[in-house]
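S.K.: So that we are looking at the same thing, I have put the structure below in structure tokens.
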Amino acid sequence: LSSNDTWQVDKCAHILGCKAKRNECNYSWSFEKEGHLVKTQDIIPSDLACYAYEKNIPSVYMFSSIEQRKALLQGLFDTGGSISITEGRLHISYSTPSKKLCEDIRNLLLTFGIVSSVREDKRSKNINYDIKVNCSKEKAELLFSLPRKLDKVTSFERKVHRDYTKVAIR
């Protein structure tokens, strides 16, 4: 795992039942259990081990319980999502090179009544899919468990009000 956020590392270590150990030269972490190094192939199923552009959410996760889907969304947005506040508005987005993961995330958001839009970024040789999340502050609180991101949402005071309770169908 590569992260400068120890909260995420500690959460992973807790889930895995392991002890995290940081590489002193960078933000790389390894995990040990009972004195042995835990290898990626030992904890990630082979159908999930893929390149970034091949990522997707298996259907077993898409149709799981509300709490499991919420935890999945939080894991995705805690690690790969971004949140900012500009001009009195909350901006939440997720970027991925995988078209399938983009579609899966948008469908997962819809299961919570959260709408989104997507823009294809073709500035480099590889296409990137940027998902813009459109939701209320209350729904935005569902997307994060990482304290620094969740704090941005909970401390946000909306100056411009939009109603995200209705979804139009074209």
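S.K.: Name the one entry in ASN134, ASN126, ASN107 that is among the polar types (S, T, N, Q) and touching a strand residue (DSSP E or B) at 6+ places or on another chain (Cβ under 8 Å).
M.R.: Criteria check complete, one pass: ASN134.
S.K.: With respect to the numbered conditions (1) surrounded by 14 or more Cβ atoms within 10 Å (Cβ to Cβ); (2) within 26 Å of LYS11 (Cα to Cα), which one is the sole condition not fulfilled by SER155?
M.R.: (1)
S.K.: Of the residues that sit in the range 99-142 and are of a type in the set (Gly, Ala, Ser) and buried (at least 16 other Cβ atoms within 10 Å of the Cβ), which one is nearest to ASN56 (Cα to Cα)?
M.R.: Residue satisfying both the conditions and the ranking: SER116.
S.K.: Taking the range 121-149, which residues are charged (D, E, K, R) and at pLDDT 95 or above?
M.R.: ASP130, LYS132
S.K.: Enumerate the pairs (first residue in the range 27-50 and of a type outside the set (A, V, I, L, M, F, W, C) and in a loop (DSSP other than H, G, I, E, B); second residue anywhere and open to solvent by less than 60 Å² (accessible area, probe 1.4 Å) and modelled with pLDDT of 90 or more) with beta-carbon separation below 8 Å, excluding pairs fewer than 6 apart on the same chain, so at least 6 apart or on different chains.
M.R.: Pairs found: ASP47/PRO58.
S.K.: To continue, here is another question. For the range 3-26, how many residues are open to solvent by 40 Å² or more (accessible area, probe 1.4 Å), among the hydrophobic types (A, V, I, L, M, F, W, C) and not in a helix (DSSP H, G or I)?
M.R.: 1
S.K.: Please verify whether the range 55-66 includes one or more residues that are out of contact with any helix residue (DSSP H, G or I) (no Cβ under 7 Å at 6 or more places or on another chain), without any contact (Cβ under 8 Å) to a residue 40 or more places away in the chain and surrounded by 11 or more Cβ atoms within 10 Å (Cβ to Cβ).
M.R.: So far as the range 55-66 goes, yes, one or more of its residues are out of contact with any helix residue (DSSP H, G or I) (no Cβ under 7 Å at 6 or more places or on another chain), without any contact (Cβ under 8 Å) to a residue 40 or more places away in the chain and surrounded by 11 or more Cβ atoms within 10 Å (Cβ to Cβ).
S.K.: Taking the condition of being touching a helix residue (DSSP H, G or I) at 6+ places or on another chain (Cβ under 8 Å), more than 24 Å from LEU150 (Cβ to Cβ), at pLDDT 85 or above and not charged (D, E, K, R), how many residues in the range 19-45 meet it?
M.R.: The qualifying residues number 2.
S.K.: State whether the residues of the range 23-34 include one that is out of contact with any Cys (no Cβ under 6 Å at 6 or more places or on another chain) and of a type in the set (Lys, Arg).
M.R.: No, the range 23-34 contains no residue that is out of contact with any Cys (no Cβ under 6 Å at 6 or more places or on another chain) and of a type in the set (Lys, Arg).
S.K.: What tally of residues in the range 36-51 results from selecting those that are within 15 Å of ALA13 (Cβ to Cβ) and open to solvent by less than 100 Å² (accessible area, probe 1.4 Å)?
M.R.: Qualifying residue count for the region: 3.
The values are calculated or read from the model by the stated rules, or taken from the named source; none is laboratory data. Worth saying up front: this structure is predicted, and the values here are computed from it rather than measured. Note that each Cβ is placed from the backbone with ideal geometry, even for glycine, and that neighbours are counted across all protein chains shown. With ligands, DNA and RNA removed, areas are computed over all heavy atoms of the protein, side chains included. Shrake-Rupley method; radii C 1.70, N 1.55, O 1.52, S 1.80 Å.
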